[in-house]
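In what follows, a single structure is set out as structure tokens and then discussed.
The values are calculated or read from the model by the stated rules, or taken from the named source; none is laboratory data. Quick caveat: nothing in here was measured; it's all calculated off a predicted structure. Using ideal geometry, Cβ is built from the backbone for each residue, glycine included, and neighbour counts are taken over all protein chains shown.
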Amino acid sequence: MKKRAFITGIDGQDGSYLAEFLLKKGYEVYGIVRRIALEDIDHHLWRIKHILNKITLYPASLESYASIFNTVGKVRPDECYHLGAQSFVSYSFEDEFSTLNANINGTHFVLSAVKENAPKCKFYFAASSEMFGKVKETPQNEDTPFHPRSPYGVSKVAGFYMTQNYREAYNLFACNGVCFNHESPRRGFEFVTRKITNAVAKIKLKLDKELRLGNMDAKRDWGFAGDYVKAMWLMLQQDVPDDYVVATGETHSVREFVERAFDYAGLDWKKYVVIDKKLYRPAEVNLLLGDFSKAKNKLGWKPGVKFEGLVKMMVDSDIQRLKKLCRPL
Ligand code: GDR
């Protein structure tokens with residue numbers, strides 16, 4: 001019998017790569033999306049449009065326990081990947097309430113629905129390096145204490161502990177993947193890497209003249225989302241559930257990303273980048289660098305694409321995409 005995987009956030013960057021990965025492994029793939037997404041596929045489901053005939057989608061919302069409970073009851077999955085969230089850190093300061101609501105209650109709803117309807121189902125929670133926030137040590141590993149710096153970070157700490165608690169209290173096979181930043185050509189345009197590569201492509205094609213950015217000194221450990229979904233799957237293939245850091249072990253500043261991306265397109269970034277204080281966050285996470293030794297030793301996982309390759313992949317993809325869009329009919 002084919003294994004059944006259930007993915008929240010299947011229409012997001014990670015969900016789309018994970019769905020492709022699991023289909024290749026022979027899984028039946030199920031996901032939830034908002035009802036409105038089903039009515040406007042081109043706008044909302046562009047990342048999974050090419051696999052829509054191979055997966056099953058249900059309309060449901062992380063804000064409604066009934067919808068999550070019923071869907072998990074129908075699917076009765078073997079593996080559940082809970083990736084859905086309000087995931088934009090900056091926005092979490094603007095709307096703390098909906099961020100905490102969707103991210104904390106949403107995680108609780110999925111955990112509870114799995115426990116009630118599919119107690120043998122293995123559960124993955126998309127925890128985050130944002131939990132380390134004002135870092136207590138560098139690099140950060142599974143034992144590094146948390147100090148979140150945003151409502152988003154706080155919500156992920158809560159989800160992390162809920163996941164651990166379901167493991168300890170109810171014997172659920174529940175794992176936390178503490179993923180550091182992971183990017184791709186499918187990244188949302190609001191995140192800094194995609195904002196940069198999209199701007200580089202636009203400037204290169206003379207469709208734009210400037211790129212406004214906030215704090216360029218922030219440093220991140222940036223990997224490729226396509227590599228990270230494999231780590232998520234590996235966590236659920238182990239004999240015992242556990243928590244793992246997933247990272248590249250390299251850190252680079254936003255400025256370095258900018259330099260590399262403009263340089264790759266043959267442009268001088270200093271002519272185009274404008275610092276906009278409005279884009280600074282009320283509390284910043286200055287430095288993230290992950291130590292993925294545990295994932296390497298226990299899961300046999302390591303990142304494939306590193307910084308340089310990631311920048312090139314994203315710039316190339318945005319230039320090609322815009323060239324196609326601008327081609328005369
Ligand atoms: P992050 O990603 O907050 O690390 O969380 P993001 O790309 O938004 O920011 C990275 C760093 O860049 C700085 N920055 C800017 N960021 C944005 N978005 N826009 C700007 O104009 C800009 N200028 C500078 C930020 O201040 C920050 O320091 C991501 C999300 O995907 C989370 O959901 C996930 O959990 C973590 O990565 C791991």
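When Leu172 is evaluated against the numbered criteria (1) surrounded by fewer than 20 Cβ atoms within 10 Å (Cβ to Cβ); (2) assigned to a loop (DSSP other than H, G, I, E, B); (3) not β-branched (Val, Ile, Thr), which criterion, by number, is the only one it fails?
The one condition Leu172 does not meet is (1).
Sort through Val285, Val305, Val311 and tell me the only one that's within 19 Å of the chain's Cα centre (by Cα), within 14 Å of the ligand (Cβ to nearest atom), part of a loop (DSSP other than H, G, I, E, B) and modelled with pLDDT of 95 or more.
Val285
Anything in segment 28-62 that is within 18 Å of Gln237 (Cα to Cα) and crowded, with 22+ Cβ neighbours inside 10 Å? List them, or say none.
The one that is within 18 Å of Gln237 (Cα to Cα) and crowded, with 22+ Cβ neighbours inside 10 Å: Val29.
If only one of Asp221, Asp217 is surrounded by fewer than 20 Cβ atoms within 10 Å (Cβ to Cβ) and touching a residue at least 12 places away in the same chain (Cβ under 8 Å), which one is it?
Among Asp221, Asp217, only Asp217 is surrounded by fewer than 20 Cβ atoms within 10 Å (Cβ to Cβ) and touching a residue at least 12 places away in the same chain (Cβ under 8 Å).
Kindly indicate which of Val178, Val246 is touching a Cys at 6+ places or on another chain (Cβ under 6 Å), closer than 27 Å to Ser293 by Cα and either near the ligand (Cβ under 10 Å from one of its atoms) or of a type in the set (A, V, I, L, M, F, W, C) (or both).
Just one listed residue meets the conditions, Val246.
Can you find even one residue in segment 269-278 that is out of contact with any Phe, Trp or Tyr (no Cβ under 6 Å at 6 or more places or on another chain), closer than 25 Å to Val135 by Cα and surrounded by 13 or more Cβ atoms within 10 Å (Cβ to Cβ)?
So far as segment 269-278 goes, no, none of its residues is out of contact with any Phe, Trp or Tyr (no Cβ under 6 Å at 6 or more places or on another chain), closer than 25 Å to Val135 by Cα and surrounded by 13 or more Cβ atoms within 10 Å (Cβ to Cβ).
Looking only at segment 147-163, how many residues end up being in contact (Cβ under 8 Å) with a residue 40 or more places away in the chain and part of a helix (DSSP H, G or I)?
11
Working only within segment 251-282, note down all residues that are touching a strand residue (DSSP E or B) at 6+ places or on another chain (Cβ under 7 Å), within 9 Å of the ligand (Cβ to nearest atom) and assigned to a loop (DSSP other than H, G, I, E, B).
Once the filter is applied, which keeps residues that are touching a strand residue (DSSP E or B) at 6+ places or on another chain (Cβ under 7 Å), within 9 Å of the ligand (Cβ to nearest atom) and assigned to a loop (DSSP other than H, G, I, E, B), segment 251-282 yields only Asp276.
Could you pull out the residue among Leu38, Leu23 that is in a helix (DSSP H, G or I), over 30 Å from Glu284 (Cβ atoms) and either in contact (Cβ under 8 Å) with a residue 24 or more places away in the chain or basic (Lys, Arg) (or both)?
Going through Leu38, Leu23 in turn, the sole match is Leu23.
Residues that are more than 11 Å from the ligand (Cβ to nearest atom), crowded, with 17+ Cβ neighbours inside 10 Å, in a helix (DSSP H, G or I) and in contact (Cβ under 8 Å) with a residue 40 or more places away in the chain: does segment 187-198 have at least one?
Yes: segment 187-198 contains one or more residues that are more than 11 Å from the ligand (Cβ to nearest atom), crowded, with 17+ Cβ neighbours inside 10 Å, in a helix (DSSP H, G or I) and in contact (Cβ under 8 Å) with a residue 40 or more places away in the chain.
Would you point out the residue of segment 288-302, among those that are part of a helix (DSSP H, G or I) and either β-branched (Val, Ile, Thr) or touching a Phe, Trp or Tyr at 6+ places or on another chain (Cβ under 6 Å) (or both), that is nearest to the ligand (Cβ to nearest atom)?
Out of the qualifying residues, it is Ala295.
Which condition from (1) outside any loop (DSSP other than H, G, I, E, B); (2) within 26 Å of Gly153 (Cα to Cα); (3) out of contact with any Gly (no Cβ under 6 Å at 6 or more places or on another chain) is the one that Gly15 breaks?
(3)
Can you tell me which residue in segment 201-214 is surrounded by the most Cβ atoms within 10 Å (Cβ to Cβ), limited to those that are assigned to a loop (DSSP other than H, G, I, E, B) and either of a type in the set (Asp, Glu) or within 13 Å of the ligand (Cβ to nearest atom) (or both)?
Gly214
The rows are residues; the columns are (1) surrounded by fewer than 18 Cβ atoms within 10 Å (Cβ to Cβ); (2) over 14 Å from the mean Cα position of the chain (by Cα).
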| position | (1), (2) |
| --- | --- |
| Pro119 | yes, yes |
| Phe132 | no, yes |
| Asn176 | no, no |
| Glu183 | no, no |
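Sort out which residues of segment 223-243 are more than 14 Å from the ligand (Cβ to nearest atom) and not in a helix (DSSP H, G or I), and write them in order of number.
The answer is Gln237, Gln238, Asp239, Val240, Pro241, Asp242, Asp243.
Does Asn171 satisfy the condition of being polar (S, T, N, Q), more than 8 Å from the ligand (Cβ to nearest atom) and farther than 15 Å from Phe125 by Cα?
Spelling it out, Asn171 is indeed polar (S, T, N, Q), more than 8 Å from the ligand (Cβ to nearest atom) and farther than 15 Å from Phe125 by Cα.
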